[in-house]
Amino acid sequence: MHETRTLIETEARQRISERVARSTGPQVPTTPQRHRLARQLRRFADRLEG
């Protein structure tokens with residue numbers, strides 16, 4: 001029983017530390033797919049016009 005508790009506590013500590021590391025790390029701004037597609041289509045249209 002004691003070993004199981006130790007394993008659970010170890011796993012919990014590891015998950016918490018991973019979560020903290022993710023939240024304190026640099027945040028990469030992600031643009032939604034539709035915004036990227038719209039930007040690509042605008043560039044394509046500009047090339048056709050130019």
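Here, each number is a calculation from the coordinates, and none is a lab measurement. Since the structure is predicted, the reported quantities are computational estimates derived from the model, not experimental observations. In this analysis, Cβ positions are derived from the backbone assuming ideal geometry, glycine residues included, and neighbour counts consider all displayed protein chains.
Think of it as helices only: each DSSP H run of n ≥ 4 in the chain is worth -39500 (n - 2.57), and spread over all residues that comes to -27500 deg cm²/dmol at 222 nm.
Neighbour counting of Cβ atoms within 10 Å sorts the residues HIS35, HIS2, fewest neighbours leading, into HIS2, HIS35. Model label points for HIS2 and ALA45, set 7 angstrom from Cα along the Cα-to-Cβ axis, are 7.2 nm apart. Computing mean projected area of the Cα convex hull in nm² directly from the structure and comparing it against (1) 5.5; (2) 3.8; (3) 4.1 singles out (1).
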